[in-house]
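Below: one structure, written as structure tokens.
The values are calculated or read from the model by the stated rules, or taken from the named source; none is laboratory data. Everything numeric in this text was worked out from a predicted model, so none of it was measured. So basically every Cβ, Gly included, is an ideal-geometry build from the backbone, and we count neighbours across all protein chains shown. Calculation scope for accessible area: heavy atoms of the full protein, side chains included, ligands and nucleic acids excluded. Shrake-Rupley method; radii C 1.70, N 1.55, O 1.52, S 1.80 Å.
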Amino acid sequence: MRVLLTGGAGYIGSHIAVVLLDAGHTVIVLDNFANSHPESLQRVQQITGKPVTLINADLADFAATSAALEDVDFDAAIHLAGLKAVGESVEHPTRYYRVNLTATLNLLDIMRAKDVRKLIFSSSATVYGVPQSENASIDEAHPVGVGVTNPYGWSKAWSEQMLRDAQVAWPELEVTLLRYFNPVGAHESGAIGEDPFGKPNNLMPFVAQVAVGRREQLHVFGDTHPTPDGTGVRDYIHVVDVAEGHVAALGHSSPGVQVFNLGSGSGNSVLEVVATYSKVSGRRIPFVIDPPRAGDLGTVIADPGKANRELGWRTKRTLEDACRDSWRWQDQNPDGFRTVRATGT
Ligand code: WQD
């Protein structure tokens with residue numbers, strides 16, 4: 001299939017591009033590089049040996065994107081383009097709502113005009129808000145929006161609702177909502193990986209930067225959560241497993257709106273991640289215990305059973321695989337995509 005991959009130059013998007021190309025799909029990336037690097041697409045082409053078409057445009061700008069896509073045909077869209085930092089969304093709510101909601105609305109209008117009827121949306125476990133019971137795994141029947149604590153999470157929940165309403169108005173549209181838990185790791189080549197602008201918000205890239213010496217120490221956000229070692233427990237899913245979930249969804253045709261959790265179904269604490277990363281990298285990961293982060297939950301773990309059953313997809317990689325692959329990426333690219341270690345060439 002010809003797939004329009006919005007946000008395809010980003011961390012998760014670039015890994016989806018690799019898996020799509022390896023599966024024989026044609027990939028057209030739409031990205032404005034607001035939170036990604038053009039170099040990642042060069043690496044995607046190096047890894048796969050296949051070309052990626054790039055449309056450099058801001059999906060939140062309808063006129064610009066419509067013009068850029070006027071002569072571009074595609075069979076399906078995988079939509080990741082948007083802003084994704086929880087903390088930043090609290091400080092800049094209007095920007096987050098404007099960008100994330102407008103991008104989704106613009107894509108829907110462009111797809112309707114082109115009669116493209118399959119949309120896979122990058123959603124997030126954040127839409128679940130507060131789990132009903134602290135330690136239960138979360139399935140797709142869990143209510144959305146109950147206790148969401150930030151504009152980023154609301155923008156995902158409201159995007160989901162916009163997609164549902166658009167599908168009612170256009171019954172031929174097939175919508176798949178993929179709710180990611182905690183994507184981590186990198187492609188086994190070490191050529192692409194997570195390279196956040198500025199200080200990492202998420203745990204794994206921060207740990208990676210401590211391991212490679214870019215940061216002095218990790219700040220552990222609380223050790224008094226109701227978990228075995230007191231630190232937060234999350235469902236870490238290898239980013240290539242996430243990418244493969246998208247290829248599975250692309251091949252799954254079903255009318256209406258389908259919702260699937262992309263997670264492993266098991267949890268690991270912050271200290272377990274630190275210990276695993278230290279083991280695979282051979283580096284010490286100094287840390288200090290800070291007070292809990294506002295809005296942080298103790299345990300968030302997916303119930304991925306629906307995706308396992310209906311998509312025929314399940315995670316294949318472990319936390320240790322993710323730490324090993326993350327370290328290979330970070331060690332080979334200490335400063336991410338900005339500078340490539342001198343190789344004498
Ligand atoms: C994981 C654990 C922290 C950083 C967020 C978004 C979610 C999704 C994934 C986009 C927690 C602890 C973290 C640090 C720490 N993103 N931690 N020190 O909060 O589960 O989910 O990212 O879709 O929407 O909400 O991920 O990586 O920030 O935190 O101790 O420097 O690591 O307290 O227990 P989170 P995270």
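General remarks:
- Screening Pro255 with (1) within 26 Å of Leu80 (Cα to Cα); (2) under 24 Å from the mean Cα position of the chain (by Cα) gives one miss only, at (2).
- Every residue from segment 14-36 that is closer than 25 Å to Ala85 by Cβ, of a type outside the set (S, T, N, Q) and touching a helix residue (DSSP H, G or I) at 6+ places or on another chain (Cβ under 9 Å): His15, Ile16, Ala17, Val18, Val19, Val29, Leu30, Asp31, Ala34
- Gly145 vs. criteria surrounded by fewer than 22 Cβ atoms within 10 Å (Cβ to Cβ) and among the small types (Gly, Ala, Ser): yes
- Residues in segment 12-35 that are under 12 Å from Glu194 (Cβ atoms) and surrounded by 23 or more Cβ atoms within 10 Å (Cβ to Cβ): Gly13, Ser14, His15.
- Within segment 233-263, being among the β-branched types (Val, Ile, Thr) and away from the ligand (no atom under 14 Å from the Cβ) holds for Val240, Val247, Val257, Val259.
- Test: residue in segment 59-68 that is buried (at least 16 other Cβ atoms within 10 Å of the Cβ), of a type in the set (Val, Ile, Thr) and modelled with pLDDT of 95 or more: yes
A quick yes/no check of all residues on (1) over 30 Å from Asp331 (Cα atoms); (2) touching a Ser or Thr at 6+ places or on another chain (Cβ under 9 Å); (3) not β-branched (Val, Ile, Thr):
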position	(1), (2), (3)
Leu108	yes, no, yes
Val116	yes, no, no
Ala125	no, no, yes
Val148	yes, yes, no
Ala157	yes, yes, yes
Arg164	yes, no, yes
Arg179	no, yes, yes
Pro183	no, no, yes
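- Sole exception among (1) within 16 Å of the ligand (Cβ to nearest atom); (2) more than 17 Å from the chain's Cα centre (by Cα); (3) basic (Lys, Arg) for Arg164, by number: (1)
- Scanning segment 178-232 for residues that are open to solvent by less than 20 Å² (accessible area, probe 1.4 Å), under 22 Å from Pro38 (Cβ atoms) and either near the ligand (Cβ under 9 Å from one of its atoms) or of a type in the set (D, E, K, R) (or both) yields a count of 3.
- Those residues of segment 76-109 which are open to solvent by less than 10 Å² (accessible area, probe 1.4 Å) and more than 14 Å from Trp158 (Cα to Cα), in sequence order: Ala76, Ala77, Ile78, His79, Ser89, Leu107
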